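The values are calculated or read from the model by the stated rules, or taken from the named source; none is laboratory data. What you see is a predicted model; the values in this text were computed from it and never measured. So basically every Cβ, Gly included, is an ideal-geometry build from the backbone, and we count neighbours across all protein chains shown. For accessibility, only protein heavy atoms count, side chains too; no ligands or nucleic acids. Shrake-Rupley method; radii C 1.70, N 1.55, O 1.52, S 1.80 Å.
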Amino acid sequence: MDAINKLSIGRKTIYYILLILVAVYVLFPFIWIFLTSIKSSADITGYPPKFIFDATIDNYKNLFATSQTGAAASTLNFPRYYLNSLIIAGFGTILSLIIGCGAGYALTRAEFKSEASRENVAFTLLSFWFGPELAIILPLYVIFNKIGLIDQHITLILVYQLIGIPFTVWMSRSFFRDVPVSIEEASRIDGYTAVQTFKKITFPLVKSGLAATAVLTFIFQWNNFLFALVIGGRNTMPITTGALGFISYEAALWGQMAAAIILSSIPQLVLAMFVQKHMVRGLTFGAVKG
Amino acid sequence: MSTNSNQISAKKIENKKLKYFLWPAILIPLFAGIIPYFIGIGLSFTNWKLAFRNIQFIGFQNYLAMFANADFWSAVKVTIIFSGLCLIIELLVGFLVGWLLSVNLKGQSFFRSIILIPLMVAPVLSALMWKLMLPQHGVINYLLSFFGIEGISWLSNPSTALYTLVFIDCYIYIPFVAIIILAGFQSLPKEPYEAAAVDGASKLFVFRRITIPLIMPLILLAFIFRFILSLKTFDIFYATTGGGPGNLTTNLHLFAYLNTFKYGQAAKSTSVVLILFLVIFLISMYLIKRWTKATEYQG
């Protein structure tokens, strides 16, 4: 052990206290929202807030009940929102992955006139991600309104490609870049075709990276809000815009909203556990290899 | 034809085939992104309103009206204050947290996983969580009362609403900066530190002259990401305050949205978001060039 790595006990204690503070800060909202989700509405609104109470799963039951109490509540349809999110982010991810990974591979291996033109293609794709979403979605709203494509799953899946494709292209590109060209060339000299080489040599090497790309694409599309707000509607409303409905002028269903937040966050948190290794790379569009 | 030229032409054909894979990735964003974007530019020169059918060309009137509109400048101010505060706090605290997570301790992998949680949950849901905790009689005020702080209705009080939004944004994105900085600390080379130890350099000197320059590209990267995202923040504004009280928390993106869907001023809103886009685009392109240079120096 070198001296740099040896910390005094006092220092270690300070570090641990700070780390625990950070963890509490991050986790507290989730713990509190979970507690809220298993409280009765009287316990939720009472003051001081209760940390010990009779737990109930009524809020969760009500989310899935077909007829809900209150006139405004009847328009809320959590299972529908959830299903919509699954459909849109699910198919959206598949589409982004097929298109984006193909393009990512081409962008890595194809020969361009110059390096600058290669980067131009890549940056043009990335620029969709810079823009305020409204700059694109307002004109699209006009077009889709004219041709009656508002509030259709296919429309949302298509528009979500603006989040998905730039990401999958950049991510897959960063993984393909890690595969040395020489391995591919050696395989070609051995008589494999381009397709065989991709299947037998390249794909196995990038498999886990592409899986992480898929998971993160799904999470990003699931989390999108503004696109869904503008061109979604009653039929296609995903959970991100749907969750807002629990607190409005007509209704204040705090408990159900808490339950909805917990249920809608679980898929991401579970999925994220599997791709932790590639998280930094994913969040920086492949710029940092974590 | 010699075998050599045969090989070359075969390679050319393959290259062409390979490039076909690029087309779907270009065409879909073209139809879903670039074309609407240009239509938007066109529409910003018209009197288009959501309710009206006939659209007329009116030149630069929307842009002139925008610059004469006090609400627009108020939104500019909100955007700048919000982004400025978020950037400063998130980068400073994110750096510290990233460094803390990089210290060699038992159980660090647990803390490194925990920190990712706010990044995976939809920002709008995080915002709603804080909205549920921040009312006058909410749990946060209850906890604050133990420290002798009298709670107020943070999100609806004119003097605190915007800063509360900054706080919520920090909750979501400090972890983002932290994990990038953490990746930087984890990839630091050993040699410069060993050399400095041999030379007997002070800790401050090592930090300023070795650590900071080595981590600079990652700080810059975190800055670029946060810069772009914070200027076009929408979710947490819309979900918590909806722009209020008054227009004290209406940033440019929300201003454009409300103008369109509350007042039907679609063309005017389009000109607002286009200006915002232009500013973000130009500055981020400059920053990305700087970043590319910074990483090139490192080799």
Partner lysines for A:Lys61 [C-alpha distance under 22 Å; skip if fewer than 8 residues away on the same chain]: A:Lys39, A:Lys50
Residue-by-residue Karplus 3J(HN,Hα) for the range B:58-74, coefficients 6.51, -1.76, 1.60, Hz, glycine and proline x: 10, x, 8, 4, 4, 5, 5, 4, 4, 6, 8, 8, 5, 5, 4, 5, 5
Cα-based reach from B:Lys289 at 29 Å (exclusive), listing lysines while leaving out same-chain residues under 8 positions away: A:Lys113, A:Lys277, A:Lys289, B:Lys19, B:Lys77, B:Lys190, B:Lys232
A:Ile52/A:Glu115 FRET efficiency (R0 45 Å; Cβ-Cβ; nearest 0.05): 0.10
D_trans [Stokes-Einstein, Kirkwood Rh over alpha-carbon pairs] for the range B:101-259, 10 °C, 1.306 mPa s, µm² s⁻¹: 86 µm²/s
Förster radius 30 Å - calculated FRET efficiency between B:Thr292 and B:Ile34 (Cβ-Cβ, nearest 0.05): 0.80
Convex hull of Cα atoms in chain B, direction-averaged projection (nm²): 26.1 nm²
Coil-residue trypsin sites (Lys or Arg not before Pro) of the range A:98-160, DSSP, other Cβ within 10 Å capped at 15: A:Lys113
Chain B, accessible area per residue, ligands and nucleic acids excluded (1.4 Å, Å²): 50 Å²
Within the range A:217-290, chymotrypsin sites (Phe, Trp or Tyr not before Pro) in DSSP loop having at most 11 other beta-carbon neighbours inside 10 Å: A:Tyr249
A:Thr193-B:Leu50 pseudo-label distance in nm [points 7 Å out on the Cα-to-Cβ vector]: 5.4 nm
Inter-chain Cβ neighbour average for residues B:186-198, partner chain, 10 Å: 1
10 Å Cβ neighbours from other chains, averaged over peptide A:99-109: 5
Where the Cα pairs of the range A:228-290 fall when distances are cut into 5 Å bins, in %: 4, 15, 16, 15, 16, 14, 12, 7, 3, 0
Accessible area of the range A:77-283 divided out per residue, in Å², using a probe of 1.4 angstrom: 39 Å²
DSSP loop GluC sites (Glu not before Pro) with at most 16 other Cβ within 10 Å: longest gap in chain A: A:112-249
Interchain or long-range residues, amide H under 5 Å from B:Thr46's placed H: B:Ile58
Radius ratio Rg over Rh of the range A:77-283, counting only Cα atoms, Kirkwood formula for Rh: 1.05
P(r) weight above 16 Å for the range A:3-64, C-alpha pairs, percent: 62 percent
Of all accessible heavy-atom area on the protein assembly as shown, the percent that carbon and sulfur account for (1.4 Å): 66 percent
From phi via Karplus (6.51, -1.76, 1.60), per-residue ³J(HN,Hα) for the range B:139-152 in Hz, x at Gly/Pro: 5, 5, 5, 4, 5, 5, 4, 5, 9, x, 9, 7, x, 10
Rounded D (µm²/s) - the range B:167-299, Kirkwood Rh over Cα pairs, Stokes-Einstein at 10 °C, 1.306 mPa s: 89 µm²/s
Convex hull volume of the protein assembly as shown per residue (C-alpha atoms, cubic angstrom): 196 Å³
Long-range amide H partners of A:Lys39 with built H, under 5 Å: A:Thr56
Options B:Phe146, B:Leu92, B:Ile180, ranked by Cα towards positive dipole end of chain B, top entry (Cβ charges): B:Ile180
Extreme residue, positive dipole direction of the range A:77-283, given options A:Ser187, A:Pro139, A:Phe176 (C-beta unit charges): A:Ser187
Distance from the range B:26-60 to the range A:213-273 (C-alpha centre basis), Å: 29 Å
Nearby aspartates and glutamates by direct alpha-carbon distance to B:Lys17 (threshold 20 angstrom, same-chain neighbours under 8 apart not counted): A:Glu111, A:Glu115, A:Glu119, A:Glu184, A:Glu185
Chains A and B together, accessible area buried on both sides, 1.4 angstrom probe, square angstrom: 8200 Å²
Packing rank of B:267-273, B:209-215, where each peptide gets the mean count of other beta carbons within 10 Å, highest leading: B:267-273, B:209-215
Net length gained if the chain between B:Ser153 and B:Val103 were fully extended (0.36 nm per residue, minus Cα distance): 14.2 nm
Using a Förster distance of 45 Å, the FRET efficiency for A:Ile9-A:Ile266 (Cβ separation, nearest 0.05): 0.70
Extension gain, B:Ala196 back to B:Phe67 (0.36 nm per residue minus Cα-Cα distance, nm): 40.9 nm
Separation in nanometres of the label points that stand 7 Å from Cα toward Cβ, at B:His137 and B:Thr160: 1.7 nm
³J(HN,Hα) computed for each position of the range A:50-63 - Karplus, 6.51 cos²θ - 1.76 cosθ + 1.60, integer Hz, glycine/proline x: 9, 9, 10, 6, 7, 6, 9, 10, 4, 4, 5, 4, 4, 4
Average beta carbon contacts from partner chains per residue of B:124-137, 10 Å cutoff: 6
All-pairs Cα distance distribution in the range B:1-153, expressed in whole percent, bin size 10 Å: 8, 13, 20, 20, 19, 13, 5, 2, 1
Simple spin-label estimate for A:Lys61 and B:Asn15 in nanometres, 7 Å along Cα-Cβ: 6.9 nm
Farthest positive-ward along the range A:77-283 dipole, Cα basis, beta-carbon charges - from A:Cys101, A:Leu269, A:Tyr160: A:Cys101
